[in-house]
Structures are given as structure tokens and as C-alpha cells.
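Shown next, in C-alpha cells, is the structure this report addresses.
What follows draws every value from the coordinates through simple rules; no lab data is involved. Since we're looking at a predicted model, the values are computed, not measured. For neighbour counting, all protein chains shown are included, and Cβ atoms are generated from backbone atoms with ideal geometry for every residue, glycine included.
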Amino acid sequence: MKIMKYFIFALVLVLAISFVMSGCNKQQGQKVRLIEVTHSIFYAPQYVAIHEGYFKEEGIDIELTTGEGADKVMTAVLADQADIGFMGPEAAIYVYNEGREDYAQVFAQLTQTDGSFLVGREEEPDFKWENLRGKTIIGGRKGGVPLMTLEYVLKKHGLTPGVDVEVLTNVQFALMAGAFTGGTGDYVTLFEPVASTIENEGSGYVVASVGVAAGNVPYTVYATKKSFIEKNKDLIQRFTNAIYKGQQFVKEKSPEEIAKAIQPAFPDSDLDLLTQVVKRYKDQDSWATNPILKEEDFNHLQDIMEMAGELDKRASYDELVNNEFAEKATK
């Protein structure tokens, strides 16, 4: 009889633990390893989706890491070190053109302009791109969209890189600001909040927006291996739903409200700086209002890549871009 009591007690204990664990798992949601190209206020809709609880609403627990470069992000995705990569679509184009069978497919777009700003050593309220003739710019990694977009803008204004203006491509993305403040170059292209931080410190001045000059480009997108999408369609849909909610938030809310929402993602930045940067991006319409990647924008990106000499053949929009989840999210 005593043995039976112990057995019943043990059984109840096991069931209770199982119930608690089940509740915890449900509360935590399904873990998704997301790797981002860099950590920037430029990606505000993503951080809104995280900190306003939109991913949790969709039953997703985001594990966020930073890759510091689209090439590193894509490597992590292809090596199964991350589930989803957030990067420039050029990385997916390169992989597709290599002929890889299980290539990375783009399923959602977050930003629709270049997010970098041209920072100079002096204030130039009447800046013209012609001012760069004979100057040196720290431009970013060769083959990356930031550099290619910059070169596209330079050529658009009659400046040939390497002839009319020197563009440095040997400085790592994370070290560009430090190289500039250390005395290298006349100008540098920087993302936020680094550009505004340098400006507020008096170490440099934002003189132009590369994004405004280049026009609409699918600058940063979410991509993962085709096989992952096929095996996890429900997860990809829920992930895209959360991103769309974040995009709608930044579309409808004020810079101050957006800044408060993303502040947990930037604990070392004060609210005034965050608001300043958010307003700058919002004013130039940097954020896509939905995750659908349009074919004309995709083609514009490939125009930029061709002009930069980084694209041997065009990738198929229909094969590389999967708008199925983005279209459902917006309905």
C-alpha cells in the first residue's frame, strides 16, 4: 500500500513538472536563430517586432546575433549556424549564381533605401556630389551593397571611382568610423547611430544621404535556405507576420514613440539620439511599409551590381524571391 502511495505521488509529480515545462515552452515560443548584418537603428521595425512583443504573439522566441557583414551572415545560414539571415539580397544573388541547389531564398524585405550617410570633416550645408572630386572616401567592403550603392551614386553624378575620387575598400565595416576619426580619408559612409554620434561629438558632419541619392533599393531582407522554408512554412509565415506588424508600427507612430519602443535594443544610446536618428530615417522613407519585395526594385539592385562590375549574370526574381508569406501577412 505504501509503495502504491509513493508510485501515485511520483506520477503526480512527473505530470506536474511536465505541465509546468509545457507552459514554459508555450510561453517562450519556438526559438529562431536570427543573425543580422549589423546592429543599427536603420532596422527599427525589426527591433519593434522584438520589443513590442510581436514575435511572441506569433509564438516565436528570437535569438539575435550580429554577423558584421552580409558575407558572414550568409555563411552562417548556409552552415546551419543560423535559421534566418538578415542582410543585403546581394549575398543571396551571389549564392544563387554559384549554382547551389539549396540556395538562400528571400522571403521578406525590411528596408527600401540605402541606410548610410556620407560624413565629412566639415559642415557643408550646400553640399554637392561634385565636392567629392579629388577626395578620398572610406566606402566599405568590395561586393557589398553599401559600397556598390555609393559607387552608383558617384557615377550618377559624373564621378568615376578610382579616377575622380578615391574609394577605400580595405577597411572593415565595424572599423570605418574609427578609421575616419583617426584621420583616414576625407569622407566616410556610416550607418546610424554611428553617423549621428560622430556628428554630435563634433568629429564629423552628415553632409548627404546615400539612400536619397540612390532611390528605392531592397537594401536589407530576410533570407534562408529553400529547404528550411519548405520544412518550416508555418514558422516563416509567423515570422513574416511579426515583421509586418513592426513595419506598420513605424509607419503609424511618431519618431518619439518609435525611439521608446526600440530603446531596449540600444541601451547605451539616449532617447534624444534615438529620436534624432529615427526621424532622419522616417523623413527619407527608408522603411518598407510591407515585406513584399517588388520586381522593379530587385532589378534596380541588379542594375547597381552590374554597374559595379560585381554581377556576371542576372538572378531570376521568380526563383530567388518568395513573396508568398509577405503577401499573406498583408491580407
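What are the ³J(HN,Hα) couplings of region 211-222, residue after residue, when phi is run through the Karplus curve with 6.51, -1.76, 1.60 and θ = phi - 60°? Round to Hz, x for glycine and proline.
Values, residue by residue: x, 5, 5, 8, x, 5, 9, x, 6, 9, 9, 9 Hz.
Given charges of +1 on the Cβ of Lys and Arg and -1 on the Cβ of Asp and Glu, with all other atoms neutral, how large is the dipole of the chain about its Cα centre, in debye to the nearest 20?
Value, rounded to 20: 1400 debye.
About its Cα centre, how strong a charge dipole does region 141-238 have in debye, to the nearest 20, once Lys and Arg get +1 and Asp and Glu get -1 at the Cβ?
720 debye
Can you list residues whose amide H is under 5 Å from THR66's amide H, if they're 5+ apart or on another chain and H is modeled 1.01 Å from N?
For THR66, whose amide H was placed from the backbone, the distant partners under 5 Å are GLU36.
Rounded to the nearest 0.05, what FRET efficiency do ASN97 and LYS294 have when you use their Cβ-Cβ distance and R0 = 22 Å?
E(calc), rounded to 0.05, equals 0.60.
What percentages, rounded to whole numbers, describe P(r) for region 117-214 computed over all alpha carbon pairs with 10 Å bin width beginning at zero?
Calculated over all Cα pairs of region 117-214, the distribution is 17, 56, 26, 1 percent.
Using the 10 angstrom Cβ neighbour count as an exposure proxy, how do THR136, THR220 rank, fewest first?
THR136, THR220
Of LYS225/LYS313; LYS135/LYS260; LYS142/LYS253; LYS31/LYS142, which sit over 29 Å apart, Cα to Cα?
In this structure, LYS135/LYS260; LYS142/LYS253; LYS31/LYS142 exceed 29 Å between Cα atoms.
In region 272-331, if the dipole is taken from +1 on Lys/Arg beta carbons and -1 on Asp/Glu beta carbons about the Cα centre, which of ILE304, SER286, ASN322 is farthest to the positive end?
SER286
Which residue, chosen from GLY139, MET87, VAL77, occupies the Cα position most advanced towards the positive end of the dipole of region 77-140, where the dipole is computed from +1 (Lys, Arg) and -1 (Asp, Glu) charges on Cβ about the Cα centre?
After comparing all options, I get GLY139.
Ranking ILE236, ILE229 by Cβ neighbours within 10 Å, fewest first, what do you get?
Final ranking by Cβ density, sparse to dense: ILE229, ILE236.
222 nm [θ] for the chain, helices only, -39500 (n - 2.57) per DSSP H run of 4+, per residue, to 500?
-14000 deg cm²/dmol
Hey, can you list the DSSP H helices of the chain whose Cα span along the axis is 20 Å or longer and whose average Kyte-Doolittle score is at least 1.0?
Flagged H segments are 2-28.
Calculate the length of the line joining the C-alpha centroid of region 231-264 to that of region 39-90, in whole Å.
A separation of 12 Å, based on Cα centres.
Counting just the Cα atoms, what span does the chain cover along each of its three principal axes? Round to the nearest Å and put the largest first.
Computed over the chain, the largest-to-smallest principal extents equal 94, 46, 36 Å.
How much length would be gained if the chain were fully extended between GLU327 and GLU166, taking 0.36 nm per residue of separation minus their Cα-Cα distance, in nm to one decimal?
Length gained, GLU327 through GLU166: 53.7 nm.
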